[in-house]
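Below: the structure, in structure tokens.
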Amino acid sequence: MLFRIVAAVLFSTAGGIAGVSFSERLKTELELCRSIREMLMDSATIIRCRAADVYSLSTELRQNGQLFRLTFLNEIPESYNQQDDFHAIWRNAVNSQKNLPDEEKKLLCDFGEILGRSDIDGQLLSINAFEETAVMLEKKRSEAYSQKGKLYRSVGMLFGVMVGILVI
């Protein structure tokens with residue numbers, strides 16, 4: 001009988017942990033989206049105020065402590081190399097970050113494609129459009145987290161308790 005009670009508690013705990021894990025994944029997606037929006041705003045400021053090239057921009061973004069979730073920035077070179085294609089490096093770096101959802105990856109890849117391709121005003125207009133898209137994605141992620149996060153935590157615990165009761 002003691003074994004069954006211990007098993008029931010373990011299943012209940014495991015269900016709760018699974019629910020929290022799924023909820024945390026949604027929270028991470030929301031935080032990544034916020035970091036992307038922050039990166040876009042910082043990029044616009046850096047380009048507007050300093051007329052930075054793509055390598056200076058990536059170096060400054062990498063040094064921003066608030067963007068630590070965007071680990072792909074660490075793979076972007078800091079200086080120009082004639083053999084390197086910055087846009088391909090950016091795209092590969094974005095695709096190498098595994099915890100980015102597909103919509104955010106597409107947004108970041110598209111953003112990387114416009115960097116350095118036009119004058120300052122053209123880049124700023126494009127960045128504004130990307131910021132609007134990021135705001136919509138952030139709203140979508142926020143709604144998903146507020147609705148599904150609580151659901152995942154509750155259902156995880158409920159299933160764990162249900163299995164625990166079945167074991168007893």
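Here are the numbers for the structure shown:
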{"read-out": "Flag for residue 125 being open to solvent by 90 Å² or more (accessible area, probe 1.4 Å) and either part of a helix (DSSP H, G or I) or out of contact with any Gly (no Cβ under 6 Å at 6 or more places or on another chain) (or both)", "value": "yes"}
{"read-out": "Filtered residue count, region 85-122, keeping only those that are part of a loop (DSSP other than H, G, I, E, B) and either of a type outside the set (D, E, K, R) or open to solvent by less than 60 Å² (accessible area, probe 1.4 Å) (or both)", "value": "7"}
{"read-out": "Pick from region 58-71, criterion touching a residue at least 12 places away in the same chain (Cβ under 8 Å) and either in contact with a Ser or Thr (Cβ under 6 Å, 6 or more places away or on another chain) or among the small types (Gly, Ala, Ser) (or both), ranking: most open to solvent (accessible area, probe 1.4 Å)", "value": "69"}
{"read-out": "Among the candidates 49, 33, residue that is modelled with pLDDT of 95 or more and not basic (Lys, Arg)", "value": "33"}
{"read-out": "Filter result for residue 91 (without any contact (Cβ under 8 Å) to a residue 60 or more places away in the chain and in contact with a Leu (Cβ under 6 Å, 6 or more places away or on another chain))", "value": "no"}
{"read-out": "Selection count, region 43-56, where residues are touching a residue at least 24 places away in the same chain (Cβ under 8 Å), of a type in the set (A, V, I, L, M, F, W, C) and in a helix (DSSP H, G or I)", "value": "3"}
{"read-out": "Every residue from region 94-116 that is of a type in the set (D, E, K, R) and in contact (Cβ under 8 Å) with a residue 24 or more places away in the chain", "value": "103, 104, 113"}
{"read-out": "Flag for residue 38 being among the acidic types (Asp, Glu), under 19 Å from residue 134 (Cβ atoms), open to solvent by less than 10 Å² (accessible area, probe 1.4 Å) and touching a residue at least 24 places away in the same chain (Cβ under 8 Å)", "value": "no"}
{"read-out": "Residue 80 vs. criteria open to solvent by less than 20 Å² (accessible area, probe 1.4 Å) and farther than 30 Å from residue 27 by Cβ", "value": "no"}
{"read-out": "Residue match in region 57-74 (condition: part of a helix (DSSP H, G or I), more than 22 Å from residue 138 (Cβ to Cβ), out of contact with any Phe, Trp or Tyr (no Cβ under 7 Å at 6 or more places or on another chain) and among the hydroxyl-bearing types (Ser, Thr, Tyr))", "value": "yes"}
{"read-out": "Matching entry among 152, 145 (being open to solvent by less than 90 Å² (accessible area, probe 1.4 Å), touching a Phe, Trp or Tyr at 6+ places or on another chain (Cβ under 9 Å) and of a type in the set (Ser, Thr, Tyr))", "value": "152"}
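The values are calculated or read from the model by the stated rules, or taken from the named source; none is laboratory data. Nothing here was measured: the structure is a model prediction, and the numbers come from that model. Reconstructed Cβ throughout: ideal geometry from the backbone, glycine too, with neighbour counts over all protein chains shown. Just the protein is used for accessible areas: all its heavy atoms, side chains included, with ligands, DNA and RNA removed. Shrake-Rupley method; radii C 1.70, N 1.55, O 1.52, S 1.80 Å.
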